[in-house]
Ligand code: ASP
């Protein structure tokens, strides 16, 4: 139906007769001549209709925004003075000869270039219109380029693309399952995979050696953060590998991807133990573009009268830490109040600070409500340890280690963003040496990655002191986002059972939920390991988008629904009967 894409026309096409198909982006009536900006996937071209071609002129006069048209015309140079350097097609225009309306369009719910004037819910309801915006198209185009580059890379490294089931049993990754009732097995349910974890491990047992899949995963979480109930992973697993092997394969893949698609050189990724990440940056995914560090000062505070500091300083589960912001003494009371509110989100009860006006005058040169509670030698030691200079501000966190780490880690990132402290555009790293487990609020243990992650010790050592055990897990972090995570897996049945036991999973439950895995481990399981990347987040970072919703064609809302299709929706009583399901009172009645 067409000879060219709209965005493809250039000076070299001048004089040619061409046919375009697309949408009317804008129509302008310039006293006697009609200009149509015609848009398709590739760009926009300006088409002029003169009144001397009566029929096409009348049609051009009748079209409205977003009408779908086909036109034939001659490419010509734009008249002197009307060249538009901003547009790739800005040196030419098309003199329209014929024009056919292929389909009319009602007035769209929003003008493409005025999408900001409507809420995101309207954009999501009419997503097909929203996706017509060139920015959205560019994002999905880059997404496609990224997945193609990854497929090519992994194919070149000998990885096989293998699909795993969507209707399956639960694979625990720390979220709730989405369940699907079975019609043929009354009262039984499938779970949608939280990840293909167990299947990819079974593929290793089966000898596939190297597997990858661009896989949909489903997690029914409370969508506080920028998460989606269904999202896409680049899922990878290989046999006879060490941590080093997986890290080098996947680091190479990401480096390659950035070079190929963005022409960015990421360099070699530094490595950081989990303990250092939490200590210095208050996060297991530290944003290394920000040159701020947490500095622990608990040892200086054990004897001070100020209980807010001395309490946590003496508590083995407490933490007292300082965060120095160079030139921060300029912050106003109002700004500090806002940061106090911000750390409150993470459970901090306040945000103590000292403004360093003159570090040589420990009596008068330090300004803060808390200064009077700190003996002179403590003031001096704090200044020295944090490396404070005149004009700086030092923030303090004092509470349980968990609250302080999270709150000051988040404050560090917030200050980095607000003050634009970034020292580089891209800061990748590996976080390694994760603990196997973390304590839950009820005192039990839960797996930091998932229960199939191998520890760095023997089953006996693990059982003797599970809380101290480290795992063979690694996370790839970029600009404060976890791009991907993985581990060497347990390939030994005794070790797997030891981990299940520590997690409080009884033998019956092990057999019921993971019997197939424990069986497989008995039938010749090779050492293996892998990693999965969050594709949506990767594309978000690479396109400079603010949310993963911007890089998913049809995303769900924060409350896990689809504005466009109105899913989830009610089903007929016939369907429910077939599924042997009887609903309780409707949600609104409860
Ligand atoms: N299955 C893990 C996840 O979804 C990734 C991995 O261990 O390979 O986070």
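The values are calculated or read from the model by the stated rules, or taken from the named source; none is laboratory data. Quick caveat: nothing in here was measured; it's all calculated off a predicted structure. FYI the Cβ positions are ideal-geometry reconstructions off the backbone, even for glycines, and counts take in every protein chain you see.
Points to keep in mind about this one:
- 1 or more residues away from the ligand (no atom under 16 Å from the Cβ) and more than 20 Å from the chain's Cα centre (by Cα): qualifying strands (runs of 3 or more DSSP E) within segment 443-498: 445-447
- Counted residues, segment 484-499 - those being in contact (Cβ under 8 Å) with a residue 40 or more places away in the chain and crowded, with 22+ Cβ neighbours inside 10 Å: 8
- Single residue of 83, 92 found to be in contact (Cβ under 8 Å) with a residue 60 or more places away in the chain and farther than 25 Å from residue 110 by Cα: 92
- Complete set of residues in segment 416-446 that are within 24 Å of residue 194 (Cβ to Cβ) and modelled with pLDDT under 95: 438, 439, 440, 441, 442, 444, 445, 446
- Taking residues in segment 441-463 that are farther than 24 Å from residue 402 by Cα and without any contact (Cβ under 8 Å) to a residue 12 or more places away in the chain, and partners anywhere that are more than 11 Å from the ligand (Cβ to nearest atom) and assigned to a loop (DSSP other than H, G, I, E, B), the pairs with Cβ atoms closer than 8 Å and at least 6 places apart or on different chains are 461/469.
- Residue in segment 149-169 that is surrounded by 16 or more Cβ atoms within 10 Å (Cβ to Cβ), part of a strand (DSSP E or B) and either within 24 Å of the chain's Cα centre (by Cα) or within 12 Å of the ligand (Cβ to nearest atom) (or both) present: no
- Residues of segment 509-547 satisfying the condition of being farther than 17 Å from residue 197 by Cβ, modelled with pLDDT under 95 and part of a helix (DSSP H, G or I): 509, 511, 512
- Selection count where residues are crowded, with 20+ Cβ neighbours inside 10 Å, within 24 Å of residue 148 (Cβ to Cβ) and more than 13 Å from the ligand (Cβ to nearest atom), scope segment 186-209: 0
- The lone exception for residue 137 - which of (1) assigned to a helix (DSSP H, G or I); (2) within 18 Å of residue 534 (Cα to Cα) it fails: (2)
- Remark: residue 340 matches the filter, which requires a residue to be surrounded by fewer than 18 Cβ atoms within 10 Å (Cβ to Cβ) and more than 21 Å from residue 476 (Cα to Cα).
- Considering residues of segment 222-250 that are assigned to a helix (DSSP H, G or I) and surrounded by fewer than 18 Cβ atoms within 10 Å (Cβ to Cβ) only, the residue nearest to the ligand (Cβ to nearest atom): 245
- Residue 406 being crowded, with 21+ Cβ neighbours inside 10 Å and part of a helix (DSSP H, G or I): yes
- Subset of segment 323-335 [surrounded by 14 or more Cβ atoms within 10 Å (Cβ to Cβ) and within 29 Å of the chain's Cα centre (by Cα)]: 323, 324, 325
- Checking the stated criteria, residue 41 turns out to be touching a helix residue (DSSP H, G or I) at 6+ places or on another chain (Cβ under 8 Å) and under 28 Å from residue 136 (Cβ atoms).
- The strands (runs of 3 or more DSSP E) falling completely within segment 260-341 that include 2 or more residues that are touching a helix residue (DSSP H, G or I) at 6+ places or on another chain (Cβ under 8 Å) map to 294-296, 318-325.
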